[in-house]
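Just below is one structure, and these are the notes that go with it.
The values are calculated or read from the model by the stated rules, or taken from the named source; none is laboratory data. Values in this document were obtained by computation on a predicted structure and should not be read as measured data. Quick reminder, even Gly has a Cβ in these numbers, built from the backbone with ideal geometry, and neighbours come from all protein chains shown. What goes into the accessible areas is simple: the full protein's heavy atoms, side chains included, and nothing from ligands, DNA or RNA. Shrake-Rupley method; radii C 1.70, N 1.55, O 1.52, S 1.80 Å.
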Amino acid sequence: MAAPETNDPNCYPLTGVGWASNQNTCPKEYQLITATADGSSANFAKGFSQKSGCYLCVSSLLIKENPQGDIVADIQLLPDKSPLPSGFAFIGEFLDSKVTASKKKRLCIKRVPFSEADTAVFDVKLTGKSKQIVPSYTCIGELSGFVIWCRKGRVAKPKPLPKPRSIGVDMRGLSLENKSSSKREELDTLPRLSKRRSNLEPKDAVYSTENIYGISAMDGVPFVLHPRFESNMNVPSANIANLQIKSRAEIENEYNYSFMTEKTAAARLPPTAS
(Lines give C-alpha, C1' and ligand atoms only; values in the text may rest on other atoms or scores of the structure.)
Protein backbone atom coordinates (compact mmCIF):
# COMPACT_ATOMS: atom_id res chain seq x y z
CA MET A 1 0.00 0.00 0.00
CA ALA A 2 1.46 3.34 -1.02
CA ALA A 3 2.14 5.92 1.65
CA PRO A 4 -0.28 8.82 1.65
CA GLU A 5 0.83 12.23 0.45
CA THR A 6 1.47 14.64 3.33
CA ASN A 7 0.13 18.12 2.61
CA ASP A 8 0.03 19.47 6.16
CA PRO A 9 2.51 22.40 6.19
CA ASN A 10 2.89 22.09 10.00
CA CYS A 11 3.90 18.42 9.89
CA TYR A 12 7.54 17.66 9.22
CA PRO A 13 9.38 14.31 9.08
CA LEU A 14 10.84 13.02 12.34
CA THR A 15 14.59 13.18 12.75
CA GLY A 16 14.84 11.08 15.90
CA VAL A 17 13.02 8.95 18.50
CA GLY A 18 14.22 8.20 22.02
CA TRP A 19 13.49 7.48 25.68
CA ALA A 20 13.56 10.26 28.32
CA SER A 21 12.77 10.33 32.04
CA ASN A 22 11.42 13.89 32.15
CA GLN A 23 11.82 17.35 30.67
CA ASN A 24 15.21 17.77 32.34
CA THR A 25 16.75 14.73 30.69
CA CYS A 26 14.93 15.24 27.38
CA PRO A 27 17.12 17.05 24.79
CA LYS A 28 15.83 20.50 23.86
CA GLU A 29 15.23 19.51 20.23
CA TYR A 30 12.99 16.62 21.32
CA GLN A 31 9.34 16.72 22.40
CA LEU A 32 8.21 14.51 25.25
CA ILE A 33 5.10 12.35 24.67
CA THR A 34 3.52 12.48 28.12
CA ALA A 35 -0.05 11.42 27.26
CA THR A 36 -1.83 8.87 25.10
CA ALA A 37 -4.36 9.69 22.40
CA ASP A 38 -7.19 9.57 24.97
CA GLY A 39 -5.33 11.76 27.51
CA SER A 40 -4.00 9.07 29.86
CA SER A 41 -0.46 9.10 31.22
CA ALA A 42 2.12 7.70 28.79
CA ASN A 43 4.72 6.72 31.40
CA PHE A 44 6.23 3.37 30.39
CA ALA A 45 7.92 3.00 33.81
CA LYS A 46 4.61 2.96 35.68
CA GLY A 47 4.17 -0.21 37.69
CA PHE A 48 7.87 -1.11 37.80
CA SER A 49 8.50 0.60 41.19
CA GLN A 50 10.70 3.21 39.51
CA LYS A 51 10.75 6.67 41.02
CA SER A 52 11.45 8.41 37.71
CA GLY A 53 9.46 8.15 34.51
CA CYS A 54 10.17 6.68 31.11
CA TYR A 55 8.56 8.44 28.15
CA LEU A 56 8.96 8.37 24.41
CA CYS A 57 10.26 11.56 22.84
CA VAL A 58 10.55 12.62 19.20
CA SER A 59 12.30 15.37 17.23
CA SER A 60 11.10 16.89 13.94
CA LEU A 61 12.64 18.55 10.94
CA LEU A 62 12.26 22.26 11.73
CA ILE A 63 13.65 23.90 8.57
CA LYS A 64 11.60 22.50 5.70
CA GLU A 65 12.77 25.15 3.21
CA ASN A 66 16.42 24.07 3.57
CA PRO A 67 16.39 20.51 4.97
CA GLN A 68 19.65 19.00 6.11
CA GLY A 69 20.70 15.80 7.85
CA ASP A 70 18.88 12.50 8.26
CA ILE A 71 15.21 11.77 8.84
CA VAL A 72 13.38 8.73 10.20
CA ALA A 73 12.31 6.60 7.25
CA ASP A 74 10.94 3.65 9.27
CA ILE A 75 10.33 2.48 12.84
CA GLN A 76 9.91 -1.09 14.17
CA LEU A 77 9.34 -2.87 17.49
CA LEU A 78 11.59 -5.91 17.81
CA PRO A 79 11.26 -8.80 20.28
CA ASP A 80 14.25 -9.41 22.56
CA LYS A 81 17.25 -11.12 20.92
CA SER A 82 15.83 -10.54 17.45
CA PRO A 83 18.51 -9.50 14.94
CA LEU A 84 18.59 -5.81 14.09
CA PRO A 85 17.44 -5.23 10.49
CA SER A 86 19.94 -3.76 8.05
CA GLY A 87 20.15 0.03 8.30
CA PHE A 88 18.28 0.16 11.64
CA ALA A 89 19.54 1.29 15.07
CA PHE A 90 18.00 1.22 18.55
CA ILE A 91 16.48 4.52 19.66
CA GLY A 92 18.50 6.76 21.99
CA GLU A 93 18.09 6.72 25.76
CA PHE A 94 18.08 9.97 27.77
CA LEU A 95 17.17 8.44 31.13
CA ASP A 96 18.08 8.86 34.75
CA SER A 97 20.73 6.50 36.03
CA LYS A 98 18.17 4.45 37.99
CA VAL A 99 15.77 4.04 35.06
CA THR A 100 16.04 1.41 32.35
CA ALA A 101 13.89 0.90 29.29
CA SER A 102 12.21 -2.40 28.54
CA LYS A 103 14.54 -5.03 27.09
CA LYS A 104 11.84 -7.55 26.21
CA LYS A 105 10.89 -5.49 23.19
CA ARG A 106 13.01 -2.72 21.76
CA LEU A 107 12.20 0.12 19.38
CA CYS A 108 14.52 0.71 16.46
CA ILE A 109 14.50 3.27 13.65
CA LYS A 110 16.04 3.64 10.23
CA ARG A 111 17.46 7.06 9.41
CA VAL A 112 18.36 8.13 5.87
CA PRO A 113 19.44 11.44 4.31
CA PHE A 114 16.55 13.73 3.47
CA SER A 115 17.60 13.94 -0.18
CA GLU A 116 17.40 10.13 -0.54
CA ALA A 117 14.10 9.58 1.29
CA ASP A 118 10.83 8.94 -0.55
CA THR A 119 8.74 8.16 2.55
CA ALA A 120 9.25 9.04 6.21
CA VAL A 121 7.70 8.82 9.68
CA PHE A 122 5.87 12.05 10.53
CA ASP A 123 4.36 11.33 13.96
CA VAL A 124 4.15 8.81 16.79
CA LYS A 125 1.11 8.30 19.05
CA LEU A 126 0.22 5.98 21.93
CA THR A 127 -3.01 4.31 22.98
CA GLY A 128 -3.99 1.93 25.75
CA LYS A 129 -4.46 -1.80 25.30
CA SER A 130 -8.03 -1.25 24.21
CA LYS A 131 -9.02 -1.74 20.60
CA GLN A 132 -8.85 1.98 19.94
CA ILE A 133 -7.89 2.77 16.33
CA VAL A 134 -5.96 5.88 15.31
CA PRO A 135 -7.04 6.89 11.77
CA SER A 136 -4.27 7.26 9.17
CA TYR A 137 -1.76 5.68 11.58
CA THR A 138 -0.02 2.30 11.36
CA CYS A 139 0.24 0.04 14.39
CA ILE A 140 3.84 -0.82 15.29
CA GLY A 141 3.16 -3.10 18.24
CA GLU A 142 2.42 -3.33 21.96
CA LEU A 143 4.94 -2.42 24.66
CA SER A 144 4.45 -2.19 28.46
CA GLY A 145 0.69 -1.81 28.20
CA PHE A 146 0.72 0.73 25.38
CA VAL A 147 0.08 0.37 21.67
CA ILE A 148 2.51 2.37 19.55
CA TRP A 149 1.29 3.96 16.31
CA CYS A 150 3.14 5.88 13.63
CA ARG A 151 2.03 7.97 10.69
CA LYS A 152 4.00 7.65 7.49
CA GLY A 153 3.80 9.73 4.35
CA ARG A 154 5.60 10.75 1.22
CA VAL A 155 8.37 13.32 1.61
CA ALA A 156 7.58 16.59 -0.17
CA LYS A 157 10.88 17.76 -1.60
CA PRO A 158 11.37 21.53 -2.07
CA LYS A 159 11.70 22.63 -5.68
CA PRO A 160 15.34 23.32 -6.57
CA LEU A 161 16.14 26.92 -7.32
CA PRO A 162 17.53 27.61 -10.82
CA LYS A 163 21.24 28.27 -10.88
CA PRO A 164 22.17 31.78 -11.97
CA ARG A 165 23.78 31.89 -15.38
CA SER A 166 27.33 33.11 -15.51
CA ILE A 167 27.70 35.70 -18.27
CA GLY A 168 31.16 36.47 -19.55
CA VAL A 169 32.52 39.94 -20.16
CA ASP A 170 32.08 39.60 -23.91
CA MET A 171 28.47 38.44 -23.62
CA ARG A 172 27.71 41.17 -21.08
CA GLY A 173 28.85 43.73 -23.62
CA LEU A 174 26.25 42.43 -26.08
CA SER A 175 23.39 42.74 -23.61
CA LEU A 176 20.62 45.00 -24.90
CA GLU A 177 19.58 45.81 -21.36
CA ASN A 178 22.99 47.21 -20.47
CA LYS A 179 23.09 49.27 -23.68
CA SER A 180 19.62 50.70 -23.21
CA SER A 181 20.30 51.62 -19.58
CA SER A 182 23.60 53.31 -20.46
CA LYS A 183 21.90 55.17 -23.32
CA ARG A 184 19.23 56.46 -20.95
CA GLU A 185 21.92 57.64 -18.55
CA GLU A 186 23.66 59.53 -21.36
CA LEU A 187 20.42 61.23 -22.41
CA ASP A 188 19.67 62.18 -18.82
CA THR A 189 23.02 63.92 -18.47
CA LEU A 190 22.67 65.91 -21.71
CA PRO A 191 21.41 69.49 -21.34
CA ARG A 192 17.90 70.10 -22.53
CA LEU A 193 17.28 71.90 -25.79
CA SER A 194 16.51 75.52 -25.06
CA LYS A 195 14.44 77.83 -27.22
CA ARG A 196 16.36 79.99 -29.62
CA ARG A 197 16.25 83.65 -28.69
CA SER A 198 16.62 86.51 -31.12
CA ASN A 199 18.33 88.73 -28.58
CA LEU A 200 21.35 87.32 -26.75
CA GLU A 201 21.32 87.93 -23.04
CA PRO A 202 24.54 88.87 -21.29
CA LYS A 203 24.79 85.41 -19.73
CA ASP A 204 24.42 83.60 -23.08
CA ALA A 205 27.45 82.43 -25.04
CA VAL A 206 27.83 83.33 -28.72
CA TYR A 207 28.34 79.71 -29.65
CA SER A 208 25.94 77.81 -27.44
CA THR A 209 26.33 74.07 -26.90
CA GLU A 210 22.80 73.65 -25.52
CA ASN A 211 21.32 71.10 -27.90
CA ILE A 212 20.27 67.51 -27.80
CA TYR A 213 23.57 66.20 -29.16
CA GLY A 214 25.84 68.16 -26.85
CA ILE A 215 27.70 69.85 -29.75
CA SER A 216 27.65 73.36 -31.19
CA ALA A 217 27.08 74.56 -34.73
CA MET A 218 30.77 75.57 -34.92
CA ASP A 219 32.11 72.07 -34.26
CA GLY A 220 34.20 70.90 -37.20
CA VAL A 221 34.48 74.35 -38.81
CA PRO A 222 38.19 75.26 -39.26
CA PHE A 223 39.37 78.56 -37.83
CA VAL A 224 41.07 80.57 -40.63
CA LEU A 225 41.63 84.26 -41.37
CA HIS A 226 39.91 86.12 -44.13
CA PRO A 227 41.93 85.96 -47.37
CA ARG A 228 42.56 89.71 -47.39
CA PHE A 229 44.45 89.38 -44.11
CA GLU A 230 46.49 86.34 -45.08
CA SER A 231 49.02 88.42 -47.10
CA ASN A 232 49.68 90.68 -44.13
CA MET A 233 50.17 87.73 -41.80
CA ASN A 234 52.81 86.22 -44.09
CA VAL A 235 54.97 89.35 -43.71
CA PRO A 236 56.72 89.37 -40.32
CA SER A 237 56.68 93.15 -40.05
CA ALA A 238 53.09 93.48 -41.12
CA ASN A 239 51.05 95.96 -39.16
CA ILE A 240 47.63 94.64 -38.22
CA ALA A 241 46.74 97.62 -36.14
CA ASN A 242 44.03 98.48 -38.67
CA LEU A 243 42.01 95.50 -37.46
CA GLN A 244 38.92 96.81 -35.72
CA ILE A 245 38.05 94.88 -32.59
CA LYS A 246 34.38 95.23 -31.77
CA SER A 247 32.82 94.82 -28.38
CA ARG A 248 30.11 92.33 -27.63
CA ALA A 249 27.45 95.03 -27.57
CA GLU A 250 28.58 96.35 -30.98
CA ILE A 251 28.41 92.88 -32.50
CA GLU A 252 24.91 92.30 -31.10
CA ASN A 253 23.66 95.68 -32.40
CA GLU A 254 25.18 95.16 -35.86
CA TYR A 255 24.01 91.63 -36.43
CA ASN A 256 20.81 91.61 -34.47
CA TYR A 257 17.91 90.06 -36.38
CA SER A 258 14.37 90.01 -35.05
CA PHE A 259 12.92 87.32 -37.35
CA MET A 260 9.86 89.55 -37.78
CA THR A 261 9.32 88.51 -41.42
CA GLU A 262 9.31 84.82 -40.53
CA LYS A 263 6.97 85.35 -37.59
CA THR A 264 4.54 87.36 -39.76
CA ALA A 265 4.53 84.65 -42.45
CA ALA A 266 3.97 81.94 -39.87
CA ALA A 267 1.01 83.83 -38.40
CA ARG A 268 -0.69 83.94 -41.79
CA LEU A 269 -0.52 80.16 -42.34
CA PRO A 270 -3.90 78.35 -42.04
CA PRO A 271 -4.22 76.09 -39.01
CA THR A 272 -3.43 72.44 -39.68
CA ALA A 273 -5.60 69.55 -38.53
CA SER A 274 -4.03 67.80 -35.56
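A compact table of results
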read-out	value
Strands (runs of 3 or more DSSP E) wholly inside region 1-69 containing at least 1 residues that are modelled with pLDDT under 90 and of a type outside the set (Val, Ile, Thr)	55-60
In region 70-108, residue modelled with the highest pLDDT [restricted to those that are over 22 Å from Leu32 (Cα atoms) and hydroxyl-bearing (Ser, Thr, Tyr)]	Ser86
Cβ-Cβ under 7 Å pairs, at least 6 apart or on other chains, region 89-118 side in contact (Cβ under 8 Å) with a residue 24 or more places away in the chain and closer than 21 Å to Gln68 by Cβ, far side open to solvent by 90 Å² or more (accessible area, probe 1.4 Å) and of a type in the set (D, E, K, R)	Asp118/Arg154
Filtered residues of region 130-176 (kept if modelled with pLDDT of 70 or more, open to solvent by 90 Å² or more (accessible area, probe 1.4 Å) and not in a loop (DSSP other than H, G, I, E, B))	Arg154
Enumeration of residues in region 113-140 that are touching a Pro at 6+ places or on another chain (Cβ under 9 Å) and not β-branched (Val, Ile, Thr)	Phe114, Ser115, Ala117, Ala120, Phe122, Ser136
